[in-house]
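Working notes, structure below.
The values are calculated or read from the model by the stated rules, or taken from the named source; none is laboratory data. Keep in mind that this is a model prediction, so the values were computed, not measured. Cβ sites come from the backbone with ideal geometry, for glycine too, and all protein chains shown count toward neighbours. For accessibility, only protein heavy atoms count, side chains too; no ligands or nucleic acids. Shrake-Rupley method; radii C 1.70, N 1.55, O 1.52, S 1.80 Å.
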Amino acid sequence: MSVTRQIAVPSILDLQPTLDFAAEAAALPANIMFLGIDFSAWGQVEPYKLPLRPFGMLIVSQAIRQYKARNPAVTVAPMRLPGNEIESYAAHMGFFQACDIPLGKEPGQAKGSPTYLPITKIENPSYLHGAEIEHRSLELARKLTQQQGGALVKTLQYSFTEIIRNVAEHAQSPDYWMCAQYWPSRGEAEIA
């Protein structure tokens, strides 16, 4: 018996809607053969409202990947993509591929810029060397502060180094994911 379900991605990937989506995905039964991911809410939001945030993109994509890991037989497919700037941004950042949906760029494929780091997957973090961790941490600190150096950059670099080192040394995770965005017009930054 083929079971089909649909789950809607929130219009804005802020903290609570994102966590609600992850909880809903975690509660899906393991017998689903086709899971439609409904993106229609993205067509109802203006891009200036910052619908896609690094934290939200990482959590939503992780929730979908975790469901697929529990139910390898499932086919996951996007539904009602809006064909707007939000979809284009998500495809460029590697969001769909991070969800195991074959659309857009692979995580880490976009080059990034001083204002963003696309969704990036780091495999085998236990093999990262101190210099590589410090380099990645410095890159994140510079994106967050929009500064090349100084006390704040150094403090944030240290904090990010500790976070990444903890993943590498203690989490025993086969990978870790990161993403960052700076919005100059708002004076806001988010790193996940």
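Looking only at residues that are more than 26 Å from Asn124 (Cβ to Cβ) and free of Cβ contacts under 8 Å to residues at least 24 places away in the same chain in segment 162-187, which one is least open to solvent (accessible area, probe 1.4 Å)?
The selected residue is Gly187.
Residue by residue through segment 48-75, note down the ones that are over 9 Å from the mean Cα position of the chain (by Cα) and of a type in the set (Val, Ile, Thr).
Ile64, Val74, Thr75
Mind checking whether some residue in segment 13-29 is open to solvent by less than 40 Å² (accessible area, probe 1.4 Å), of a type in the set (Gly, Ala, Ser) and closer than 25 Å to Tyr176 by Cβ? Spell out how you get there, then give the answer.
The initial filter retains those residues of segment 13-29 that are open to solvent by less than 40 Å² (accessible area, probe 1.4 Å), namely 13, 18, 21-22, 25, 28.
Remaining after also requiring of a type in the set (Gly, Ala, Ser): 22, 25.
In the following step, the residues that additionally are closer than 25 Å to Tyr176 by Cβ were identified as 22, 25.
The answer is yes, given that some residue of segment 13-29 is open to solvent by less than 40 Å² (accessible area, probe 1.4 Å), of a type in the set (Gly, Ala, Ser) and closer than 25 Å to Tyr176 by Cβ.
Please determine, by comparing only the residues of segment 157-176 that are in a helix (DSSP H, G or I) and in contact with a Lys or Arg (Cβ under 9 Å, 6 or more places away or on another chain), which one is farthest from Leu144 (Cα to Cα).
Step one: list which residues in segment 157-176 are in a helix (DSSP H, G or I), which gives 157-171.
Filter again for in contact with a Lys or Arg (Cβ under 9 Å, 6 or more places away or on another chain), leaving 157, 160-161, 164.
Values: Gln157: 10, Phe160: 11, Thr161: 14, Ile164: 16 Å.
Out of the qualifying residues, it is Ile164.
Tell me the residue from Ala141, Ala110, Ala98, Ala131 that is within 21 Å of Ile164 (Cβ to Cβ), over 15 Å from the mean Cα position of the chain (by Cα), among the aliphatic types (A, V, I, L, M) and open to solvent by less than 10 Å² (accessible area, probe 1.4 Å), please. Steps first, answer last, please.
Values: Ala110 fails: over 15 Å from the mean Cα position of the chain (by Cα); Ala98 fails: over 15 Å from the mean Cα position of the chain (by Cα); Ala131 fails: open to solvent by less than 10 Å² (accessible area, probe 1.4 Å).
Among Ala141, Ala110, Ala98, Ala131, only Ala141 is within 21 Å of Ile164 (Cβ to Cβ), over 15 Å from the mean Cα position of the chain (by Cα), among the aliphatic types (A, V, I, L, M) and open to solvent by less than 10 Å² (accessible area, probe 1.4 Å).
Filter segment 83-95 down to the residues that are open to solvent by less than 40 Å² (accessible area, probe 1.4 Å) and not acidic (Asp, Glu) and list them by number. Full working, then the answer.
Here is the first cut: in segment 83-95, the residues open to solvent by less than 40 Å² (accessible area, probe 1.4 Å) are 86-87, 90-91, 93-95.
Listed by number, the residues that qualify are Ile86, Ala90, Ala91, Met93, Gly94, Phe95.
Does Ile122 meet the test of being in contact with a Lys or Arg (Cβ under 9 Å, 6 or more places away or on another chain) and in a strand (DSSP E or B)? Even if it seems obvious, please write down each step before you answer.
Values: in contact with a Lys or Arg (Cβ under 9 Å, 6 or more places away or on another chain): yes; in a strand (DSSP E or B): yes.
In short, yes.
Out of the residues in segment 76-95 meeting the condition of being aliphatic (A, V, I, L, M) and part of a helix (DSSP H, G or I), tell me which one is farthest from the chain's Cα centre (by Cα).
Ile86
Considering only residues that are open to solvent by 40 Å² or more (accessible area, probe 1.4 Å) and in a loop (DSSP other than H, G, I, E, B), look in segment 1-11 and name the one that is nearest to Ala63 (Cα to Cα). If you could, list the steps in order and put the result at the bottom.
Here is the first cut: in segment 1-11, the ones open to solvent by 40 Å² or more (accessible area, probe 1.4 Å) are 1-2, 4-6, 8, 11.
Then drop every residue that is not in a loop (DSSP other than H, G, I, E, B), which leaves 1-2, 11.
Numbers: Met1: 25, Ser2: 22, Ser11: 16 Å.
Checked segment 1-11; the qualifying residue nearest to Ala63 (Cα to Cα) is Ser11.
From the list Gly43, Gly56, which residue is assigned to a helix (DSSP H, G or I) and farther than 20 Å from Ala189 by Cα?
On the way: Gly56 fails: farther than 20 Å from Ala189 by Cα.
Gly43 is the lone residue from the list that is assigned to a helix (DSSP H, G or I) and farther than 20 Å from Ala189 by Cα.
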